[in-house]
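Enquirer: Below is the structure I would like to discuss, written out as C-alpha cells.
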Amino acid sequence: MPVFDPSATLHFVINGRSGSQDGDATRETIERALSATGRRGELHFCEPADLPRVASRLAAHCGSEGSALVAVGGDGSINTAAQAAHAAGCVLGVIPRGTFNYFARTHGIATDVAEAMAQLLRARPEPVQVAAVNQRLFLVNASVGLYPDLLEDREAWKRRYGRSRLVALGAALATVMRSRQRLTLQIALGGAQREVRTLTLFVGNNRLQLEQVGMVSGPPANGARDNGRITAVMLKPIGTLAMLGLMLRGAMGTLGDADGVEHFSFEQMVVKPSRLRRLRRTKIAFDGEVERMKPPLTFRVLTTPLYLLKPPPDDREPPA
C-alpha cells in the first residue's frame, strides 16, 4: 500500500469542462469543506488537453510526500488521474462530476460535490481492481467497434445539446441508425484461438454498469465489487431493428438473455483485427475517451491495484 499521511496537502486536479456545475461553485464547495475541517488542499484547474501532464506531475509529487491526488470530473477525467496515480504509486481520491459516474458510484462515493467532499475527508485508502488494454489503464470499460463511435457521437451531441442522460440516449440511437461497421476479430483466450464477427467488443471492469444492463446478477460475493476478472460482451452482426431491440433490453437490464449477445469473463485476452486492418491503428474507447492503438490489443486485469480513498462502510452511498 502506498504511504498515506492524512495530514498531508491534498492535490485536486480539476477538469474545468466536466459536469454541469459551475467551476466557481465547485471551487467554493471544496474550499469550504477544507476550511471547516482544517485540512490543507490545493486546487489545480486545467483544460482537458493539459490533464495528463498536470495529473502526472501532481501524482509524482503526491507519491513523494504521502498525499493523495484527487480527481474532480467525469469517468474520463478520473481515468486520466488514475493512470497517473497508479504509475506513480500514490493514493487517488475522487469527486465525481460526470454524467454517469460509474466508478464513483460503484465504490459508494456520492455524486454531490459537498457530500463527496465530506466522505473524502474521512476516507482511507483501499485497493480496487483496475484493468488495461495494452498499456492504457481503464476503470469502467474499454471497447472497439460500435461503442467508440457511439462515444464520439455522444460528445458531439453534448457540445450541441448539453450534458444529460437523455442526450446520451439520443446520441446512441443516432449512432445505431447509421452504423454499418462489422468487425472480424481473432481472439486468443485461455490457450485457444477463434475468429468472430461482431458489431462491437465491449470489456467491462465495473460491476455496477454490468448489473444495470443485465450481464451479471445477484449480490456480489461478500459484498466485494471486484473478483479478479473482467467481462467481455460481443454483439453479433444484426440489423438496425434488432439492434434497437438490444438497446431496449439493455435499458431494462435483460441484455444478458438476448440471442444476439455473447458474454464471458476472463483475466487476459488478446484481440487482433482482420489482416486488412492490422496495419492500421484501431479506434478504441476507454472510460468515455477515444483514441487509436496499434494492434494486437491485450485486455487484462492488472496485478497491482489502485489505492482509492473510499468512505467508511457506513458512510457509503448504496450503488444504484
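Enquirer: Examine region 109-117 for a residue that is surrounded by 24 or more Cβ atoms within 10 Å (Cβ to Cβ) and either under 20 Å from G16 (Cα atoms) or without any contact (Cβ under 8 Å) to a residue 12 or more places away in the chain (or both), and state whether such a residue exists.
Expert: Of region 109-117, the ones surrounded by 24 or more Cβ atoms within 10 Å (Cβ to Cβ) are 109, 116-117.
Next cut, either under 20 Å from G16 (Cα atoms) or without any contact (Cβ under 8 Å) to a residue 12 or more places away in the chain (or both) only: 116-117.
Yes; the residues of region 109-117 include at least one that is surrounded by 24 or more Cβ atoms within 10 Å (Cβ to Cβ) and either under 20 Å from G16 (Cα atoms) or without any contact (Cβ under 8 Å) to a residue 12 or more places away in the chain (or both).
Enquirer: Quick check: anything in region 145-157 modelled with pLDDT under 95 and basic (K, R)?
Expert: Yes.
Enquirer: Quickly run through region 43-64 and pick out the residues that are touching a residue at least 12 places away in the same chain (Cβ under 8 Å) and surrounded by fewer than 14 Cβ atoms within 10 Å (Cβ to Cβ).
Expert: Step one: list which residues in region 43-64 are touching a residue at least 12 places away in the same chain (Cβ under 8 Å), which gives 43-48, 51-52, 54-56, 58-63.
Selection gives E47 alone.
Enquirer: Moving on. Could you please give the count of residues in region 295-320 that are without any contact (Cβ under 8 Å) to a residue 60 or more places away in the chain and either assigned to a strand (DSSP E or B) or charged (D, E, K, R) (or both)?
Expert: Final tally of qualifying residues: 1.
Enquirer: Which strands (runs of 3 or more DSSP E) sit wholly inside region 175-252 and have at least 1 residues that are closer than 21 Å to E317 by Cβ and at pLDDT below 85?
Expert: Values: elements: 183-189, 192-198, 200-204, 230-235.
Per the criteria, no element qualifies.
Enquirer: Please go through region 102-137 and give me each residue that is among the small types (G, A, S) and not in a helix (DSSP H, G or I), ordered by number.
Expert: Of the residues in region 102-137, the ones among the small types (G, A, S) are 104, 108, 110, 114, 116, 118, 123, 131-132.
Across region 102-137, the qualifying residues are G108, A110, A123, A131, A132.
Enquirer: Take the residues of region 9-42 that are in contact with a strand residue (DSSP E or B) (Cβ under 6 Å, 6 or more places away or on another chain) and among the small types (G, A, S): which is modelled with the lowest pLDDT?
Expert: Here the residue is S18.
Enquirer: So L150 clears everything in (1) farther than 22 Å from H263 by Cβ; (2) of a type in the set (A, V, I, L, M, F, W, C); (3) outside the structural domain of T80 (by TED's automatic domain parsing) except one condition, right? Which one?
Expert: Against the list (1) farther than 22 Å from H263 by Cβ; (2) of a type in the set (A, V, I, L, M, F, W, C); (3) outside the structural domain of T80 (by TED's automatic domain parsing), L150 comes up short only on (1).
Enquirer: Taking the condition of being crowded, with 24+ Cβ neighbours inside 10 Å and of a type in the set (D, E, K, R), how many residues in region 94-108 meet it?
Expert: Number of matching residues: 1.
Enquirer: Please work out which one of (1) within 16 Å of the chain's Cα centre (by Cα); (2) modelled with pLDDT of 95 or more is the condition A60 fails and give its number.
Expert: (1)
The values are calculated or read from the model by the stated rules, or taken from the named source; none is laboratory data. All of these numbers come straight from a predicted model, not from anything done at the bench. Quick reminder, even Gly has a Cβ in these numbers, built from the backbone with ideal geometry, and neighbours come from all protein chains shown.
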